[in-house]
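**Student:** Supplied in structure tokens, the structure appears directly below.
The values are calculated or read from the model by the stated rules, or taken from the named source; none is laboratory data. Predicted model only: the values in this text are computed from it and were never measured. When we count neighbours, we look across all protein chains shown, and the Cβ atoms used for this are built from the backbone with ideal geometry, even at glycine. Accessible surface is based on the protein model in full, side chains and every heavy atom, while ligands, DNA and RNA are left aside. Shrake-Rupley method; radii C 1.70, N 1.55, O 1.52, S 1.80 Å.
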Amino acid sequence: MLRTPCASVFVFGVAAPATTMKKLIAGLFGLFKFLMFLCMTGMVVLVFSNVVMRYVWHSGVPESEELARVLFVWMTFLGATVALREHGHLSVHAVLARLSPHVRRGALVCGHLLMLWVCWLIISGAWQQTRINWPVASSATGLPLGLFDAAGLFFGLSAGAVLLVQLIDLLRGKDHHALADTARPTPPSAASS
């Protein structure tokens, strides 16, 4: 039985089949979605139980508000990363649809380069803030305040990786989600005839 060769990707110096890498990446983003679910569940439980305790027993857990805030920040950055991979963020399809395919590809490459630069700014700023705030303990829970900044560091690194893969696909000429969604619209007069 003949097997068709598939492209390999090097991970830590070891060649891995591209399908294995796709499965690993899909599993990683599935983990991100599950962590978002846990963050949302944790926030709901913490806030709801604190509200009930305040109204029924006239007391609350001061740590719950701060923990809910940490969960919210991490859930937001996890969600932004997942949305970036799934092309869920806003884009200007009305402008891209009017461009020729080559100009559209160039615009997308320029956009990805700009977004990679912004990721670098986020990474460098979040890294500095994480280092500064990690030794500082929060007042209610005693957790390091750098946990908030580490979420930005996580986003910058993961979003940068997603954008880099998308940019490489664009430069290789592979079909890109943004290119597929912005096919030239049919003029109304041609559609009716």
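**Student:** Quickly run through the range 155-171 and pick out the residues that are surrounded by fewer than 18 Cβ atoms within 10 Å (Cβ to Cβ) and within 16 Å of Thr76 (Cα to Cα).
**Tutor:** Leu157
**Student:** Is there a residue in the range 102-114 that is within 30 Å of Phe37 (Cα to Cα) and modelled with pLDDT of 90 or more?
**Tutor:** yes
**Student:** Turning to a different aspect of this structure: Name the pairs whose Cβ atoms lie under 6 Å apart, with the first residue in the range 42-61 and over 20 Å from Trp74 (Cα atoms), the second of a type outside the set (Gly, Ala, Ser) and open to solvent by less than 50 Å² (accessible area, probe 1.4 Å), and 6 or more positions between them or separate chains?
**Tutor:** Gly60/Asn50; Val61/Asn50
**Student:** Does Leu143 qualify as being open to solvent by less than 80 Å² (accessible area, probe 1.4 Å), touching a residue at least 12 places away in the same chain (Cβ under 8 Å) and touching a strand residue (DSSP E or B) at 6+ places or on another chain (Cβ under 8 Å)?
**Tutor:** In short, yes.
**Student:** Same structure again: For the range 92-182, give me every one of the helices (runs of 4 or more DSSP H) that falls completely inside it and has 3 or more residues that are out of contact with any Cys (no Cβ under 9 Å at 6 or more places or on another chain), of a type in the set (Gly, Ala, Ser) and within 30 Å of Ala26 (Cβ to Cβ).
**Tutor:** 101-133, 146-172
**Student:** OK, next. Within the range 49-61, is there a residue that is in a helix (DSSP H, G or I), open to solvent by less than 80 Å² (accessible area, probe 1.4 Å) and in contact with a strand residue (DSSP E or B) (Cβ under 9 Å, 6 or more places away or on another chain)?
**Tutor:** For the range 49-61, residues in a helix (DSSP H, G or I), open to solvent by less than 80 Å² (accessible area, probe 1.4 Å) and in contact with a strand residue (DSSP E or B) (Cβ under 9 Å, 6 or more places away or on another chain): absent.
**Student:** Taking the range 85-124 on its own, how many of its residues are surrounded by 18 or more Cβ atoms within 10 Å (Cβ to Cβ), under 30 Å from Ala150 (Cβ atoms) and touching a residue at least 60 places away in the same chain (Cβ under 8 Å)?
**Tutor:** The total comes to 1.
**Student:** Looking only at the range 76-88, which residues are within 11 Å of Val162 (Cβ to Cβ) and outside any helix (DSSP H, G or I)?
**Tutor:** Those that are within 11 Å of Val162 (Cβ to Cβ) and outside any helix (DSSP H, G or I): Glu86, His87.
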